[in-house]
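*Asks:* Let me give you the structure first, and then I'll get to my questions.
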Amino acid sequence: MSHTDSTSGALTSLSIKALHQGITSGQFSVMEVTQAYLERIERFEPEINAYITVTKESALASAVTIDNRIRAGELSNPLAGIPYALKDLYCTEGVLTTSGSKILHNFISPYDAHVTTQLKKAGGVLLGKNNMDEFAMGSSNESSAYGCVRNPWNPEYVPGGSSGGGAAAVAARLAPMVLGSDTGGSIRQPASFCGITGIKPTYGRVSRYGMIAFASSLDQCGPMAVSAEDCALTLNAIAGLDERDSTCSTEPVPDYTATLNQPLTGLRIGVPKQFFAEGLNNEVATIIQAAIKAFELQGATVKEIDLPNSHLAVPVYYIIAPAEASSNLSRFDGVRYGARCDNPQDLTDMYKRTRAEGFGEEVKRRIMIGTYALSAGYYDAYYIKAQQVRRLIKNDFVQAFNDVDVIMGPCAPTAAFKLGEKVNDPVAMYLEDLYTIPVSLAGLPGMSIPVGFTQSGLPVGMQLVGNYFDEARLLNIAHQYQQLTDWHTRMPAQFA
Amino acid sequence: MEWETVIGLEIHAQLATNSKIFSGSSTAYGAEPNTQASLLDLAMPGTLPVLNKKAVEFGIKLGLALGAEIGKHSVFARKNYFYPDLPKGYQISQYEFPIVGKGQLDIELEDGTVKRIGITRAHLEEDAGKSVHEGFVNQSGIDLNRASTPLLEIVSEPDIRSAKEAVAYVKKMHSLVRYLGICDGNMQEGSFRCDVNVSVHKPGTPFGTRVEIKNLNSFRFIERAIHHEVARHIDLIEAGKGHLLVQETRLFDPDKGETRSMRSKEDVNDYRYFPDPDLLPILITDADIDAVRADLPELPDAKKARFMSEYGLSAYDAGLLVQSREEGEYFEAVAKGSGDAKLTANWMNGEVAARLNRAELAFEQLPISAEALVGLLKRIQDNTISGKMAKDVLEAMWQGEGDADSVIEAKGLKQITDNSAIEAIIDEIIAANPEQVAQYRSGKDKVFGFFVGQAMKASKGKANPATLNDILKQKLAG
């Protein structure tokens with residue numbers, strides 16, 4: 001490798017926009033950028049475990065190709081030559097795709113997910129596949145079959161989950177940008193814990209084709225990066241109609257970078273009173289309130305809003321998501337791909353042992369919950385009731401957006417917690433997503449942006465919630481905040 | 001009091017779409033295993049179903065033909081169970097909100113009366129794959145070519161009271177789906193198969209214990225399976241062993257002519273149906289329905305009524321001719337070409353039908369075109385050949401020996417209608433048989449047949465029978 005640590009350190013601290021400018025102006029090559037990231041991964045990955053697979057060979061090979069294509073004038077996309085990583089639930093042709101599970105420990109995907117194709121087309125360089133909670137079920141990345149991920153701000157702490165590998169990778173600059181997925185908070189909460197920027201778009205904004213399903217009516221792909229601007233550039237490449245996903249929206253896609261610099265004059269902020277009630281850590285509350293105050297000082301108006309059914313969101317979510325998951329995960333049966341138990345005695349034995357050995361505790365717990373909720377005699381009382389309440393929760397938001405442009409509040413009730421702290425208390429773990437789950441159930445776009453640090457030096461993220469398909473507004477608000485603050489550009493000292 | 005049989009049917013009609021209901025793979029039958037299985041059919045992680053709109057249109061077609069309510073908001077649901085040939089671990093079907101609601105189908109009974117059978121519903125669903133056991137030791141193969149093939153499951157009310165009615169109902173439905181062009185009706189290939197629910201009771205009492213006989217794929221099997229099952233029920237009940245009769249699923253073994261237990265109610269899965277979150281509800285507008293209605297062909301009952309009024313056919317003849325759309329169209333082409341609907345009906349329902357039966361061919365496989373049959377009927381009408389000779393000509397045409405005229409020419413079958421030629425033959429016969437002539441003239445009319453036979457023989461069957469009769473009578477009268 002031809003570069004000194006200082007040069008590669010400089011390259012890996014650049015924004016996507018700066019990388020693009022440097023590459024297109026010939027200041028440095030895609031190969032140099034790729035090597036700089038691969039070097040950092042080699043050096044820091046053992047401490048973080050943000051990747052399940054590092055695709056070093058193919059990254060170097062595509063760097064050569066992309067350099068040539070850029071020089072030949074064939075590629076001018078803002079993401080051309082930009083390294084990225086994918087949460088390990090995005091199918092990637094010829095690459096191991098595990099969804100964080102042992103049951104897919106040998107699954108080499110025969111095809112690309114829609115978002116994989118989009119980033120390949122844009123000329124991105126895939127660095128690897130990020131660690132994650134098994135099948136995206138978890139809020140701490142501790143349910144991964146490939147070991148827990150450590151928070152770059154303090155290795156004794158969790159990075160959040162389920163997109164914890166991606167969030168940690170961005171925080172430690174082991175990738176400038178990653179794609180996460182969010183079902184009940186899996187982009188926003190780890191973004192908050194790792195001090196980075198992440199956006200979960202409106203349900204249906206980004207195709208789910210090729211994304212290994214957890215809960216189909218909630219799963220949504222979104223970018224995680226250092227800044228809102230980097231997220232906007234990425235969202236431009238992945239959002240939009242894909243006919244292979246019937247739930248994908250036909251709503252036109254704007255250029256998300258076009259409105260980043262719009263002034264926030266007259267912005268109406270809604271603050272849900274339920275999000276500042278009991279359960280919210282005081283330190284986090286203070287930091288969030290200060291951030292909202294900063295918007296107010298810029299001329300925004302702040303209004304308390306009521307989301308009267310939000311306290312029902314967690315129980316509703318823990319019916320609907322496991323119900324869908326119990327069915328979605330039935331295909332992992334040892335018949336066609338993935339793990340199969342040794343020496344099956346008969347069909348039933350094969351199913352039972354393959355699944356008992358292949359799935360982890362949390363996944364099994366949710367399959368059990370979901371199966372129960374859908375069972376004859378319980379379906380009406382659980383699943384149907386949950387769907388009814390889901391509509392009420394959605395209506396609360398619809399109502400609120402009559403009067404406000406954006407809703408602001410905490411992403412999670414606390415900053416990152418210690419590894420192992422909540423592992424044996426599933427309910428405490430589920431309550432981590434108290435503020436993100438209502439947004440997921442409503443299908444609304446939500447973001448997390450870094451707005452401060454706790455006394456002990458852990459980042460705190462603020463959640464921004466927009467109206468349907470109002471991602472451009474969220475990114476605009478976040479970008480404007482990031483023009484005035486530097487929380488998002490700070491890096492953990494030991495990875496500087 | 002007599003036992004009464006109560007039957008309800010579930011028919012699975014495979015929809016004749018080119019591609020599968022949720023994937024782009026071909027639905028063609030008989031390909032090498034797993035060559036028509038896409039990533040979705042294999043249930044690869046991350047794959048998603050995309051609805052084939054043609055299947056929806058076909059569902060609406062059937063609904064309209066059954067006079068049924070069309071579900072304007074129909075929903076796909078997942079039916080969850082584990083089986084190796086069910087790759088996703090669930091089947092995408094419809095549960096609470098099917099595409100077709102309540103409707104009816106009229107069937108004609110043997111005594112000519114019409115009976116109305118209620119249709120409960122019809123819903124869209126995907127087929128499963130197949131397990132393959134031949135050629136494997138201690139293992140099974142899985143062929144997913146059939147996985148995600150579109151099916152319409154048509155459920156009847158328990159309105160059917162005998163095996164004969166059941167067969168009439170299935171035949172009528174079979175005819176209907178083919179008329180509509182939504183199913184090829186091929187029962188051997190499993191494109192049209194049915195499950196029969198059977199019970200017996202005494203009229204006025206509640207229905208008896210119901211047994212489901214699965215996957216019957218021929219009209220004969222349906223009839224035999226029901227007969228066997230009804231007898232089994234009655235025997236058990238009358239022997240005081242009614243408690244041995246359990247609600248279960250049974251299979252019919254055509255070799256033994258018996259049904260045997262497949263699984264009992266206790267083994268029944270809880271399918272945990274719920275709306276499939278990967279698919280949006282199907283929303284159907286009145287305009288959509290009108291568009292499909294405008295595209296509906298004339299249906300068998302309407303066609304039958306028209307054949308009776310327009311062509312003066314009997315209900316029996318018309319009923320036979322409307323069994324398939326092809327046959328009805330063929331009839332009209334021949335009736336128009338020949339200008340004689342009755343003659344056409346007689347030939348089609350007589351000689352042609354008999355030959356098809358003997359050869360075990362479906363009407364669509366008839367080797368003689370409508371045009372060719374017109375050619376044959378014309379030669380009967382213009383007395384070129386007799387009806388009897390026409391049968392021989394038909395045989396030659398069937399064997400591919402050409403059209404009617406060339407067969408008549410090649411075989412020299414042209415009737416002799418020239419009076420002088422016939423007179424010459426008759427004169428010779430009268431001269432050679434003075435004894436018989438004397439008998440006839442003394443009043444023995446029966447001898448007339450002898451002269452006809454001799455004359456026909458001498459003309460090698462080519463003499464026009466009517467002309468021959470006339471001349472013979474004159475000459476014998478002296």
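The values are calculated or read from the model by the stated rules, or taken from the named source; none is laboratory data. These figures come from a predicted structure and were not determined experimentally. Cβ coordinates were reconstructed from backbone atoms using ideal geometry, including for glycine residues, and neighbour counts include every protein chain displayed. Surface areas here come from the heavy atoms of the whole protein model, side chains and all, with no ligands, DNA or RNA. Shrake-Rupley method; radii C 1.70, N 1.55, O 1.52, S 1.80 Å.
*Asks:* So A:Asp245 ticks every box in (1) away from chain B (no Cβ under 14 Å); (2) open to solvent by less than 30 Å² (accessible area, probe 1.4 Å); (3) of a type in the set (Asp, Glu) but one. Which box is left unticked?
*Replies:* Looking at each condition in turn, A:Asp245 falls short on (1).
*Asks:* Name the residue that is nearest to A:Pro426 (Cα to Cα), counting only residues in segment A:365-401 that are among the aromatic types (Phe, Trp, Tyr) and within 14 Å of another protein chain (Cβ to nearest Cβ).
*Replies:* A:Tyr372
Per-residue answers, yes or no, for (1) open to solvent by 70 Å² or more (accessible area, probe 1.4 Å); (2) at pLDDT below 95; (3) among the aromatic types (Phe, Trp, Tyr); (4) in a helix (DSSP H, G or I):
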{"position": "B:Glu266", "(1), (2), (3), (4)": "yes, yes, no, yes"}
{"position": "B:Asn269", "(1), (2), (3), (4)": "yes, yes, no, no"}
{"position": "B:Arg272", "(1), (2), (3), (4)": "no, no, no, no"}
{"position": "B:Leu280", "(1), (2), (3), (4)": "yes, no, no, no"}
{"position": "B:Asp290", "(1), (2), (3), (4)": "yes, no, no, yes"}
{"position": "B:Arg293", "(1), (2), (3), (4)": "yes, no, no, yes"}
{"position": "B:Lys303", "(1), (2), (3), (4)": "no, no, no, yes"}
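*Asks:* When you look at A:Glu156, is it in contact with a Cys (Cβ under 8 Å, 6 or more places away or on another chain), surrounded by fewer than 24 Cβ atoms within 10 Å (Cβ to Cβ) and more than 14 Å from chain B (Cβ to nearest Cβ), yes or no?
*Replies:* no
*Asks:* Condition check: polar (S, T, N, Q), more than 24 Å from the chain's Cα centre (by Cα) and more than 14 Å from every other protein chain (Cβ to nearest Cβ). Does B:Gln104 satisfy that?
*Replies:* no
*Asks:* Only one of these is on the phi > 0 side of the Ramachandran plot and away from chain B (no Cβ under 14 Å): A:Arg173, A:Arg205, A:Arg188, A:Arg150. Name it.
*Replies:* Among A:Arg173, A:Arg205, A:Arg188, A:Arg150, only A:Arg173 is on the phi > 0 side of the Ramachandran plot and away from chain B (no Cβ under 14 Å).
*Asks:* Return yes when B:Ala466 is among the small types (Gly, Ala, Ser), modelled with pLDDT under 85, out of contact with any Cys (no Cβ under 8 Å at 6 or more places or on another chain) and surrounded by 13 or more Cβ atoms within 10 Å (Cβ to Cβ) and no when it is not.
*Replies:* No, not satisfied.
*Asks:* Right, next: Considering only residues of segment B:404-420 that are over 42 Å from the mean Cα position of the chain (by Cα) and within 20 Å of B:Ile380 (Cα to Cα), which is modelled with the highest pLDDT?
*Replies:* B:Asn419
*Asks:* Taking segment B:422-466 as the region of interest, how many residues are in contact with a strand residue (DSSP E or B) (Cβ under 8 Å, 6 or more places away or on another chain) and assigned to a helix (DSSP H, G or I)?
*Replies:* Total meeting the criteria: 4.
*Asks:* Can I ask one more? Just one of the numbered conditions (1) in contact with a Phe, Trp or Tyr (Cβ under 6 Å, 6 or more places away or on another chain); (2) in a loop (DSSP other than H, G, I, E, B) is not true of A:Ala373; which one?
*Replies:* (2)
*Asks:* Restricting the search to segment A:275-295, which residues are within 24 Å of the chain's Cα centre (by Cα), outside any helix (DSSP H, G or I) and over 17 Å from A:Gly457 (Cβ atoms)?
*Replies:* Once the filter is applied, which keeps residues that are within 24 Å of the chain's Cα centre (by Cα), outside any helix (DSSP H, G or I) and over 17 Å from A:Gly457 (Cβ atoms), segment A:275-295 yields A:Gly279, A:Leu280.
*Asks:* On to the next question. Only one residue in A:Val398, A:Val439, A:Val427, A:Val406 is of a type in the set (A, V, I, L, M, F, W, C), open to solvent by less than 50 Å² (accessible area, probe 1.4 Å) and more than 18 Å from the chain's Cα centre (by Cα), so which one is that?
*Replies:* Just a single option satisfies the conditions, and that option is A:Val406.
*Asks:* Also, quick follow-up: Given the criterion out of contact with any strand residue (DSSP E or B) (no Cβ under 9 Å at 6 or more places or on another chain) and away from chain B (no Cβ under 14 Å), identify the matching residue among A:Glu251, A:Glu304, A:Glu296.
*Replies:* Criteria check complete, one pass: A:Glu251.
*Asks:* Also: So, in segment B:172-184, of the ones that are open to solvent by less than 10 Å² (accessible area, probe 1.4 Å) and outside any helix (DSSP H, G or I), which residue ends up nearest to B:Val292 (Cα to Cα)?
*Replies:* The qualifying residue nearest to B:Val292 (Cα to Cα) is B:Ile182.
*Asks:* Check B:Tyr83, B:Tyr95 and return the single one that is more than 24 Å from A:Gly210 (Cβ to Cβ), surrounded by fewer than 20 Cβ atoms within 10 Å (Cβ to Cβ), at the interface with chain A (Cβ under 10 Å from one of its Cβ atoms) and of a type outside the set (Val, Ile, Thr).
*Replies:* Sole residue among the options that is more than 24 Å from A:Gly210 (Cβ to Cβ), surrounded by fewer than 20 Cβ atoms within 10 Å (Cβ to Cβ), at the interface with chain A (Cβ under 10 Å from one of its Cβ atoms) and of a type outside the set (Val, Ile, Thr): B:Tyr83.
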